[in-house]
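Everything on this sheet refers to the single structure shown next.
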Amino acid sequence: MSLLQDLNAGKLHGFHGGIHPPERKAPANQGPIGDAGLPDELVLQLRQHIGQPARLKVKAGERVLKGQPLTEPLNPMMIPVHAPTSGIIIAIEDRPLCHPSGLDGPCLVLRPDGEDLWRPRFPIADYQALNADVLLERIHAAGVTGLGGAGFPAHVKLMPRRKAIEALIINGVECEPYISADDRLMREHPAEILEGIAILRHIVQPRVTVLAVEDNKPEALAALRAANDDDQILIVAVPTKYPSGGEKQLIEILTGRQVPHNGLPADIGMVVQNVGTAFAVKRAVVDDEPLIRRVVTLAGDAFAEPGNTWVHIGTPVRYLLKRYGLAPEPEQRIIMGGPMMGFTLHSASAPIIKGSNCVLAPTRAELPPPGDELACIRCSQCADACPASLLPQQLYWFARAQEHDKLNSHNLFDCIECGACAYVCPSQIPLVQYYRVAKADIRQAQREAELAERAKHRFEARQARLEREKAERQARHEKAAAERKARMA
Ligand code: SF4
Ligand code: SF4
């Protein structure tokens, strides 16, 4: 009750650090959401989420209908992908992935037939009549992952926990510069977002539901408030600061509570979902529409026509660059995501995936590439900016020296890779790159240690079995010898 009273009274909290980079949301956020249309070929990454890819259900040469599942999940962390339109699966092969590694990986390639024919659909008029398990299954089957960028399976976050959920927080903050996909979605589809939130509430049964929007989006706030007739959903404007949209930071702003180190929001009774995910949940449950398209911001001065547009999942970035009039400079950078947390694409053939919220094509004048890395001057500006209260310069030294124990003891894995430290660093040290590499190294070392431990257990179990069999054999022989001896006697 005190949380509800505080929020009703307009009481908010803060978080350590944070920065105020130029927002640069215009001109992309000025016009209505457009429609990117259909490319000649859709490239569907089998793995678009945190978890394993689901099992293939189709073969090359097969005709598929719009919305048809192309893979099937064997466990909750597997998320299916669906055909964004009708057509023919022309190949199942490795293609450039939408991933910072720039590697190729398994993809389904769909050639649209132009008919856009749906599979049979089964809309639900009254979701309230269904229990949470049925709705969770429907959300899972629709392939809904978090649309905020992280790609965590949406239904897993909503599963029942031992601890009751105190607050369901809907994240409409969208704090990263340039990106305005959620902003436009909130302005243009507030009723569907609110219906999605009502479905989430029906599943999670929270005590409090808060929809948080940064105060630099007054039109979105006004549209949501005008459409909201549910007094159980509080719509709250939070101050503009980067990275307020981080899950842990948003929880702290709204509740004053911190997610424990190595913990999850659910550990303190919180569930956070993005506004785009709430919209996708509404479409999945009510309209039986799987996650086959999303709003993508096309931003940066190199685009002739920046804006927000509906894009089919699987659309190659190259198609969008052409369609929206990219005028490339020499060595034009194409960034997937925003300038703080995005990554430079290695290939424009990489596809849009469920977590792709922005394609950024900045000119050099607008967003100069980072200069040469200089020595750390121990100014501690990075520590002042860090929203996770870490010591970024210490992490930097430990990462350089590959001191994994110290990185762990300094909570490297609490780093949300927001880039605030690198943004303020006067020595232009690409701190986040160091942390990403260090995290990958530690994970790899952990995997190898686990494999070695498993191999050791297997070896020891085999040795024990051989010893046991030897002892049993010996006992049998001794018994047979004793019986022989007895018979002879
Ligand atoms: S901001 Fe850069 S130069 Fe200053 S302490 Fe941090 S890493 Fe070193
Ligand atoms: S990238 Fe990590 S270390 Fe740097 S400010 Fe963000 S959370 Fe802190």
Of the convex hull drawn through the C-alpha atoms of the chain, the volume per residue in Å³ is 215
Local charge sum around residue 316 (other residues, Cβ-Cβ under 10 Å, Lys/Arg +1, Asp/Glu -1)?
+1
Simple spin-label estimate for residue 75/residue 13, 7 Å along Cα→Cβ, in nm, reads 3.4
Mean Cα-pair separation over length for the chain, i.e. relative contact order, pairs under 8 Å, 6 or more apart, %
18
Report the FRET efficiency, 1/(1 + (r/R0)^6), for residue 115 and residue 472, where r is their Cβ-Cβ distance and R0 is 56 Å, rounded to 0.05.
0.20
Measuring from label point to label point, each 7 Å out along Cα→Cβ, what is the residue 6 to residue 448 span in nm?
4.5
Cα centroid separation, segment 223-292 to segment 415-477 (Å):
34
Net length gained if the chain between residue 394 and residue 344 were fully extended (0.36 nm per residue, minus Cα distance)
15.4 nm
In segment 1-64, the trypsin sites (Lys or Arg not before Pro) that sit in a DSSP loop and have at most 10 other Cβ atoms within 10 Å of their own Cβ are 59
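Under a 1.4 angstrom probe, counting protein chains only, how are 49, 16, 404, 477 ranked by accessible area, largest first? Mind dumping the intermediate values first?
Values: 49 15, 16 80, 404 55, 477 120 Å².
Per-residue accessible area, sorted high to low, gives 477, 16, 404, 49.
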For the residue pair residue 487 and residue 327, what label-to-label distance in nm results when each label sits 7 Å from Cα along the Cα-to-beta-carbon direction?
10.2
In whole angstrom, the spacing between the Cα centers of segment 303-380 and segment 2-50 equals 16
Rounded to the nearest 0.05, what FRET efficiency is calculated for residue 164 and residue 455 with R0 set to 51 Å and r the Cβ-Cβ distance?
0.75
Is the shape of segment 69-227 rounded, prolate or oblate, going by the alpha carbon gyration tensor and its root eigenvalues a ≥ b ≥ c, with a/c under 1.5 for rounded and a/b larger than b/c for prolate?
prolate
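Accessible area per residue of segment 373-489 at 1.4 Å probe, in Å²?
I get 67 Å² per residue for segment 373-489.
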Could you calculate the contour length gain from residue 440 to residue 409, that is, 0.36 nm times the residue separation minus the distance between their Cα atoms, to one decimal place in nm?
9.5 nm
Taking segment 411-483, which GluC sites (Glu not before Pro) meet the DSSP loop condition and have no more than 12 other C-beta atoms within 10 Å?
none
Whole angstrom only: what separates the Cα centroid of segment 168-206 from the Cα centroid of segment 93-129?
22
Percent of accessible area on the chain owned by carbon and sulfur, 1.4 Å probe?
52
Just the accessible area for residue 202, please: 1.4 Å probe, Å², rounded to the nearest 10?
40
On a 0 to 90 degree scale, rounded to 10, what angle separates helix 190-204 from the longest Cα axis of the chain?
30
Volume of the Cα convex hull of segment 373-489, divided per residue and given in Å³:
108
Any idea what the relative contact order of segment 373-489 is, in percent, if you count C-alpha pairs under 8 Å spaced at least 6 apart?
24
Cysteines in the chain that, by Cβ-Cβ distance, have no pairing candidate under 4.7 Å
98, 107, 175, 358, 376, 379, 386, 415, 418, 425
When a/c reaches 1.5 or more, the comparison of a/b and b/c decides; with that in mind, is segment 17-98 rounded, prolate or oblate per its Cα gyration tensor?
oblate
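Could you compute the net charge surrounding residue 38? Neighbours are other residues with a C-beta less than 12 Å from the C-beta of residue 38; K and R count +1, D and E count -1. Intermediate values should be presented prior to the final figure.
Details: positive: 66, 111, 293, 323; negative: 35, 40, 41, 113, 115, 116.
Charge balance near residue 38 sits at -2.
The values are calculated or read from the model by the stated rules, or taken from the named source; none is laboratory data. Predicted model, so just to flag it, every value in this text is computed and none were measured. As a convention, Cβ positions derive from the backbone with ideal geometry for all residues, glycine included, and neighbour counts pool all protein chains shown. We work out accessible area using only protein heavy atoms, side chains counted, and drop any ligands, DNA or RNA first. Shrake-Rupley method; radii C 1.70, N 1.55, O 1.52, S 1.80 Å.
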